[in-house]
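The structure under discussion appears below in the form of structure tokens.
The values are calculated or read from the model by the stated rules, or taken from the named source; none is laboratory data. Note that the structure is predicted; figures quoted are calculated from it, not measured. As a convention, Cβ positions derive from the backbone with ideal geometry for all residues, glycine included, and neighbour counts pool all protein chains shown.
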Amino acid sequence: MIISKLPTVGTTIFTTMSQLAAETGALNLSQGFPDFNAPQGLLDAVGRHVGAGHNQYSPMTGLPALRQQVVAKIARSYGATVDPDTEVTITPGATAAIFCAIQAVIRNGDEVIVFDPCYDSYVPSVELAGGRCVRVQLNLQGFALDFERIKAALSPRTRMIILNTPHNPTGALISRAELDQLAELIRDRDIYLLSDEVYEHLVFDGAAHVSVLAHKELYARAFVISSFGKTYHVTGWKTGYVVAPPDLTAELRKVHQYVNFCCVTPLQFALADFMADHPEHVDELPGFYQAKRDLFCDLLAPSRFTFTRVAGTYFQLVDYSRIRPDLDDVAMSLWMTREHGVASIPISVFYQNPPKEQRLVRLCFAKREETLRHAAEKLCVI
């Protein structure tokens, strides 16, 4: 008889909705992946390195050239200096990075604060480490951190706080003032941070991403996670990285070496080449995705959905209260997919206790213009 370690976990909503979209022929704006290709120079580099024979194990910590490029990008983006050998680890995707960081420091009985709505991989990773998640709801207006709730959630067992900025699924950003307030709150406590920053370069309207990497006090106790897949339009490559102080990196690598050991070698070579040749790519991303956001929102303006344009990520939340207030968001997502040909993600799945009055679904706009126009046509007749 199997006694499940994750008795409440089933198939993820992302798999469910993508499968339903495929079965019904709906446009898939649910799972977060582009329907356009990566830069040609990056794709060419993969073939070049496969042909050159770079097909065996890379170092466990990641290809040195790629770790050097991560360091250079961090210096350019945030003015922060990290060591490529002792603070940067290349991982097979951000989800694996999150898992390894949690396993490295969370022990049986530890508590981890997560913010609802929260990305779905955090809680299972904590539970598999023997920890317990304490869910703290973000403010419903703007999805900002609620420091009174955070204070109330802290206990002697609190061992980690998981941040996510830009935030999935809401697109909200954490400010420098909020990081300062958090630093003051945990200054005298033995608490680690995990900062999920996979959408770091998808920040709009002239705003700057505020990274924990640039906050010296918080970085001293943090694992900062990012994703080449999100930044370079190659989510299927499942390649990411963790930046952490040397003592935390050493503990993370103890776990990482027995989970995956290393990442796909020719992909690392290709990313290192492309980052060296095209450092401007990350500078162009905000404008690239803001144009898609603005096009999509402009196209949705005549619809009965209401929304505020997101500040970051490539997801747009829309409120359907004026359309089918009788449906909860799971039912609404299924109805939209089956009856109107557009797949979305219900926001309630990111909560432990979803607000009863909330009527929000998430739509991905990391799509070609023709896809966005076709989807908007369908959504505007609902």
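Is it the case that some residue within region 299-309 is outside any loop (DSSP other than H, G, I, E, B), of a type in the set (K, R) and under 20 Å from G142 (Cα atoms)?
So far as region 299-309 goes, no, none of its residues is outside any loop (DSSP other than H, G, I, E, B), of a type in the set (K, R) and under 20 Å from G142 (Cα atoms).
Pairs under 7 Å by beta carbon, first residue among the hydroxyl-bearing types (S, T, Y) in region 110-126, partner assigned to a loop (DSSP other than H, G, I, E, B) and at pLDDT 95 or above, six or more apart or different chains?
Y119/N168
Quick check on this structure: which one of A65, A21 is surrounded by fewer than 19 Cβ atoms within 10 Å (Cβ to Cβ) and of a type in the set (A, V, I, L, M, F, W, C)?
A65
Residues of region 264-279 being under 22 Å from S77 (Cβ atoms) and either surrounded by 21 or more Cβ atoms within 10 Å (Cβ to Cβ) or more than 22 Å from the chain's Cα centre (by Cα) (or both), which ones?
Residues satisfying the conditions are L267, Q268, A270, L271, A272, D273, F274, M275, A276, D277, H278.
Report whether or not L63 is in the same structural domain as D273 (by TED's automatic domain parsing) and of a type outside the set (K, R).
When the stated conditions are applied, L63 passes them.
This table checks each residue for (1) modelled with pLDDT of 95 or more; (2) in the same structural domain as K292 (by TED's automatic domain parsing); (3) touching a helix residue (DSSP H, G or I) at 6+ places or on another chain (Cβ under 6 Å).
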{"position": "L317", "(1), (2), (3)": "yes, yes, no"}
{"position": "L327", "(1), (2), (3)": "yes, yes, no"}
{"position": "M332", "(1), (2), (3)": "yes, yes, no"}
{"position": "G341", "(1), (2), (3)": "yes, yes, yes"}
{"position": "E357", "(1), (2), (3)": "no, yes, no"}
{"position": "V361", "(1), (2), (3)": "yes, yes, yes"}
{"position": "A366", "(1), (2), (3)": "yes, yes, no"}
{"position": "E369", "(1), (2), (3)": "yes, yes, no"}
{"position": "A375", "(1), (2), (3)": "yes, yes, no"}
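Is there any pair linking a residue in region 1-17 that is closer than 27 Å to V361 by Cβ to one that is of a type in the set (S, T, N, Q) and assigned to a loop (DSSP other than H, G, I, E, B), with Cβ under 7 Å and at least six apart or on different chains, and which?
Qualifying pairs under 7 Å: F14/S30; F14/Q31; M17/S30; M17/Q31.
Looking at region 28-73, which of its residues are assigned to a loop (DSSP other than H, G, I, E, B) and over 28 Å from Q257 (Cβ atoms)?
Result: L29, S30, Q31, G32, F33, P34, D35, F36, N37, A38, P39.
Looking at region 184-198, which of its residues are part of a helix (DSSP H, G or I) and either among the basic types (K, R) or touching a residue at least 24 places away in the same chain (Cβ under 8 Å) (or both)? I'd like the intermediate steps shown before the answer.
Just the residues of region 184-198 that are part of a helix (DSSP H, G or I), to begin with: 184-186.
L185, I186 - these are the residues of region 184-198 that are part of a helix (DSSP H, G or I) and either among the basic types (K, R) or touching a residue at least 24 places away in the same chain (Cβ under 8 Å) (or both).
Could you list, in sequence order, all residues of region 358-380 that are without any contact (Cβ under 8 Å) to a residue 12 or more places away in the chain and under 21 Å from H167 (Cα atoms)?
Across region 358-380, there are no qualifying residues.
Going by what's in this entry, would E217 be described as surrounded by 22 or more Cβ atoms within 10 Å (Cβ to Cβ), in the same structural domain as V123 (by TED's automatic domain parsing), among the acidic types (D, E) and in contact (Cβ under 8 Å) with a residue 12 or more places away in the chain?
Answer is no for this residue.
Does A45 qualify as being surrounded by fewer than 18 Cβ atoms within 10 Å (Cβ to Cβ) and either touching a helix residue (DSSP H, G or I) at 6+ places or on another chain (Cβ under 9 Å) or among the hydroxyl-bearing types (S, T, Y) (or both)?
Against the criterion (surrounded by fewer than 18 Cβ atoms within 10 Å (Cβ to Cβ) and either touching a helix residue (DSSP H, G or I) at 6+ places or on another chain (Cβ under 9 Å) or among the hydroxyl-bearing types (S, T, Y) (or both)), A45 does not qualify.
Suppose we filter T158, T165 for residues that are crowded, with 19+ Cβ neighbours inside 10 Å, of a type in the set (S, T, Y) and closer than 18 Å to F315 by Cα; which single one remains?
T165
So, L193, is that one at pLDDT 95 or above and under 19 Å from the mean Cα position of the chain (by Cα) or not?
yes
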